[in-house]
Ligand SMILES: Cc1cc2nc3c(=O)[nH]c(=O)nc-3n(C[C@H](O)[C@H](O)[C@H](O)COP(=O)(O)OP(=O)(O)OC[C@H]3O[C@@H](n4cnc5c(N)ncnc54)[C@H](O)[C@@H]3O)c2cc1C
């Protein structure tokens with residue numbers, strides 16, 4: 001049925017393809033919202049014609065994934081809720097990123113007492129942000145929300161914060177590789193349901209792929225629609241490039257689409273990325289009419305998302321403690337947890353413990369007694385990928401768009417002018433670009449280990465790319481040699497910048513990783529695992545982190561009311577065999593104070609860099625611990 005729809009969509013789209021309007025980059029790209037937008041926010045600009053506009057929240061609730069997410073949320077207040085005070089558990093959660101906070105939120109809904117211990121002075125982990133000396137916000141990463149984020153959308157509804165999402169026009173914007181300064185769009189027509197809207201969007205765009213190339217691209221994707229998740233999971237052993245070649249997809253689709261998609265999804269190139277990641281994303285977007293519609297948060301993430309989560313936890317009797325790094329998980333002779341030892345020397349004793357730390361940090365904290373257990377040895381197969389997030393303030397307005405742009409540059413992934421996309425960062429006179437610099441090391445498929453380069457080298461290379469993306473706007477500036485080719489028309493000069501290095505971000509979704517993602521249920525009684533890398537059907541993302549925290553809360557809640565544990569996910573035979581011969585050592589532990597030490601990102605100084613080079617040289621030398629394809 002779906003396939004028939006898709007073919008019909010293709011035919012429809014072919015007919016409609018003559019009406020494509022590829023926009024000129026320097027004209028505003030707003031279509032009128034399909035229904036009157038009473039919440040429209042207009043921040044008119046003096047020196048730019050770009051107007052920030054919120055589009056109405058799409059109907060994200062009418063999908064099976066949303067209904068499932070909502071039912072699960074409700075279960076914490078009904079079937080999983082404690083009915084007897086003796087069932088109430090004190091749960092110590094290590095890590096106050098989205099996963100730890102989500103876990104605590106749902107445990108508090110079920111009547112438990114969660115206490116989140118966050119190492120840093122700010123919540124959020126990879127969605128944390130802080131202010132510089134001028135009061136400007138520096139974010140760990142440019143974060144985009146999608147309509148196909150059912151657990152995030154449902155949690156926003158529960159917390160009453162949906163109005164903090166600034167929905168953008170349902171469109172994807174790509175820079176044209178061969179036409180510097182020009183962009184092209186994929187437009188999703190309002191009112192046309194999935195999968196027609198997706199098929200139409202692809203077919204209506206006449207700038208990126210030819211009609212025969214589009215037709216050649218569709219057949220390899222049809223099994224995804226017929227067989228669904230089993231087909232998607234089965235492709236995990238193949239990289240995107242291998243999948244394309246195996247199924248005869250045109251090579252140009254790699255250049256035109258997959259490079260941009262792979263860098264946006266996992267900060268790596270398609271020859272490194274598992275095809276399962278691309279198919280998972282496509283599957284969600286193809287099946288949900290508003291799945292690909294994007295939203296920006298209206299301000300900094302700690303205040304606008306983490307704080308309402310914390311307030312909810314506290315209101316329900318839980319606690320969130322910052323500046324509380326867990327130094328050691330102290331075990332009994334039988335391997336069960338005796339207590340957590342904080343760096344301050346405080347001992348934390350609880351009924352249940354949850355790790356919501358990133359995978360690279362969990363590995364450093366593994367108690368000696370757990371190290372020979374196959375469940376924990378799986379973690380050796382997972383490793384955070386490096387990425388760099390840049391903020392660049394210009395002395396005037398660039399003629400940007402009120403949306404996310406896929407740069408399609410060899411150095412950059414996506415970027416946005418936050419001065420026109422985000423209310424808190426709005427500025428009528430100056431542009432602030434936030435850019436994701438990827439792939440940024442050989443680990444991620446790049447040629448250069450940018451993680452080990454200076455901020456000035458990174459910014460100069462980026463200025464060169466921006467000069468190409470904005471050929472008539474970026475000024476020739478002696479300070480940045482890469483702009484030396486710019487002509488006299490370019491006037492925009494860089495006022496200031498910030499380089500945030502995240503040497504270990506989301507787990508590298510290289511081929512074959514899904515089978516090693518651990519279940520939330522662990523072999524240690526009273527110990528559960530959360531974090532975006534744990535096994536859940538969404539990728540390493542805000543949605544994945546939120547769902548993983550919720551799944552961990554479900555494990556704890558079930559146990560508390562006497563239900564059996566969900567089974568531990570199957571572990572690969574080679575992991576079981578290798579674990580038997582593993583020689584356990586004292587845990588490596590975490591050195592240093594900074595965000596990077598705890599799996600986040602920061603603008604790092606020389607002293608911190610030296611410490612990190614010593615404690616985790618792979619981060620700086622670009623050496624993978626997990627063999628890359
Ligand atoms: C540059 C960048 C851009 C991104 N863009 C997007 C996007 O557009 N859309 C999207 O959906 N996702 C995006 N992501 C991914 C998303 O941010 C993550 O998947 C998600 O935030 C991970 O949440 P988490 O809670 O699993 O882990 P984390 O956010 O890493 O949280 C772990 C927490 O544990 C704490 N911790 C670690 N060790 C200890 C310890 N010993 N004691 C106490 N606390 C400890 C850390 O300080 C941290 O707060 C992006 C990520 C980056 C880096």
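The values are calculated or read from the model by the stated rules, or taken from the named source; none is laboratory data. Given the structure is predicted, the values throughout are model-derived calculations rather than measurements. Every residue, glycine as well, gets a Cβ built from its backbone with ideal geometry; the counts of neighbours run over all protein chains shown.
Let's see how each residue does on (1) farther than 19 Å from residue 99 by Cβ; (2) within 13 Å of the ligand (Cβ to nearest atom):
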| residue | (1), (2) |
| --- | --- |
| 252 | yes, no |
| 266 | no, yes |
| 271 | yes, no |
| 275 | yes, no |
| 295 | yes, yes |
| 301 | no, yes |
| 305 | no, yes |
| 308 | no, no |
| 329 | no, yes |
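Results for (1) in contact (Cβ under 8 Å) with a residue 12 or more places away in the chain; (2) part of a strand (DSSP E or B), shown as yes or no for each residue.
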position: 278; (1), (2): yes, no
position: 292; (1), (2): yes, no
position: 296; (1), (2): yes, yes
position: 308; (1), (2): yes, no
position: 311; (1), (2): no, no
position: 314; (1), (2): no, no
Extreme residue, modelled with the lowest pLDDT, among residues of the stretch 567-603 that are buried (at least 16 other Cβ atoms within 10 Å of the Cβ) and touching a strand residue (DSSP E or B) at 6+ places or on another chain (Cβ under 6 Å): 594
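Let's see how each residue does on (1) out of contact with any strand residue (DSSP E or B) (no Cβ under 6 Å at 6 or more places or on another chain); (2) surrounded by 24 or more Cβ atoms within 10 Å (Cβ to Cβ); (3) at pLDDT 90 or above:
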site: 250; (1), (2), (3): yes, no, no
site: 256; (1), (2), (3): yes, no, no
site: 274; (1), (2), (3): yes, yes, yes
site: 296; (1), (2), (3): no, yes, yes
Would you check which residues across the stretch 315-324 are surrounded by fewer than 19 Cβ atoms within 10 Å (Cβ to Cβ) and either farther than 16 Å from residue 95 by Cα or within 11 Å of the ligand (Cβ to nearest atom) (or both) and list them? 315, 316, 317, 321, 322, 323
Selection status of residue 509, more than 9 Å from the ligand (Cβ to nearest atom), in contact (Cβ under 8 Å) with a residue 40 or more places away in the chain and either out of contact with any strand residue (DSSP E or B) (no Cβ under 9 Å at 6 or more places or on another chain) or within 30 Å of residue 463 (Cα to Cα) (or both): yes
Please determine, by comparing only the residues of the stretch 89-107 that are outside any strand (DSSP E or B) and more than 19 Å from the chain's Cα centre (by Cα), which one is farthest from the ligand (Cβ to nearest atom). 89
Number of the condition not met by residue 408 [criteria: (1) touching a residue at least 60 places away in the same chain (Cβ under 8 Å); (2) on the phi < 0 side of the Ramachandran plot; (3) in contact with a helix residue (DSSP H, G or I) (Cβ under 8 Å, 6 or more places away or on another chain)]: (2)
Pull up the stretch 386-406, narrow it to residues that are within 14 Å of the ligand (Cβ to nearest atom) and not in a strand (DSSP E or B), then point me to the one that is surrounded by the most Cβ atoms within 10 Å (Cβ to Cβ). 386
Where residue 86 falls short, out of the listed (1) more than 16 Å from the ligand (Cβ to nearest atom); (2) in a loop (DSSP other than H, G, I, E, B); (3) over 22 Å from residue 153 (Cβ atoms): (2)
Determine whether the stretch 538-553 contains at least one residue that is away from the ligand (no atom under 16 Å from the Cβ) and modelled with pLDDT of 95 or more. no
Residue in the stretch 545-558 that is in the same structural domain as residue 76 (by TED's automatic domain parsing), under 26 Å from residue 515 (Cα atoms), touching a residue at least 24 places away in the same chain (Cβ under 8 Å) and not in a helix (DSSP H, G or I) present: no
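Got a sec? Which of 455, 417, 427 is within 27 Å of residue 503 (Cα to Cα) and surrounded by fewer than 22 Cβ atoms within 10 Å (Cβ to Cβ)?
Answer to the check: 455.
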Go over the candidates 260, 234 one by one and state the one that is in a helix (DSSP H, G or I), within 16 Å of the ligand (Cβ to nearest atom) and in the same structural domain as residue 174 (by TED's automatic domain parsing). 260
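Residues checked against (1) in contact with a helix residue (DSSP H, G or I) (Cβ under 7 Å, 6 or more places away or on another chain); (2) buried (at least 22 other Cβ atoms within 10 Å of the Cβ); (3) touching a residue at least 24 places away in the same chain (Cβ under 8 Å):
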position	(1), (2), (3)
460	yes, no, no
465	no, no, yes
500	no, yes, yes
528	yes, yes, yes
532	yes, yes, yes
Testing residue 419 on (1) touching a residue at least 40 places away in the same chain (Cβ under 8 Å); (2) under 30 Å from residue 293 (Cβ atoms), one condition comes back false. Which one is that? (1)
When you look at residue 477, is it at negative phi and surrounded by fewer than 21 Cβ atoms within 10 Å (Cβ to Cβ), yes or no? yes
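Residue 185: surrounded by 20 or more Cβ atoms within 10 Å (Cβ to Cβ) and either in contact with a helix residue (DSSP H, G or I) (Cβ under 6 Å, 6 or more places away or on another chain) or assigned by TED's automatic domain parsing to the domain that holds residue 544 (or both), yes or no?
The answer is no for residue 185.
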Candidate set from the stretch 136-167 (those that are in a loop (DSSP other than H, G, I, E, B) and away from the ligand (no atom under 13 Å from the Cβ)); member that is surrounded by the fewest Cβ atoms within 10 Å (Cβ to Cβ): 160
Which residue out of 424, 465, 457, 434 is modelled with pLDDT of 90 or more and more than 16 Å from residue 388 (Cα to Cα)? 424
Kindly check whether there is at least one residue in the stretch 108-127 that is in contact (Cβ under 8 Å) with a residue 12 or more places away in the chain, more than 15 Å from the ligand (Cβ to nearest atom) and part of a helix (DSSP H, G or I). yes
Which of the residues spanning the stretch 332-366 are touching a helix residue (DSSP H, G or I) at 6+ places or on another chain (Cβ under 9 Å), in a loop (DSSP other than H, G, I, E, B) and within 14 Å of the ligand (Cβ to nearest atom)? 356, 357, 358, 366
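Taking the stretch 67-81 as the search range and keeping residues that are away from the ligand (no atom under 16 Å from the Cβ) and in contact with a helix residue (DSSP H, G or I) (Cβ under 6 Å, 6 or more places away or on another chain), which one is farthest from residue 553 (Cα to Cα)?
The extreme case among them is 70.
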Yes/no for residue 379 being assigned to a helix (DSSP H, G or I) and under 23 Å from residue 99 (Cα atoms): yes
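Here is a yes/no grid of residues against (1) more than 26 Å from residue 266 (Cα to Cα); (2) away from the ligand (no atom under 16 Å from the Cβ):
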| residue | (1), (2) |
| --- | --- |
| 482 | yes, yes |
| 497 | no, no |
| 505 | no, no |
| 527 | yes, no |
| 534 | no, no |
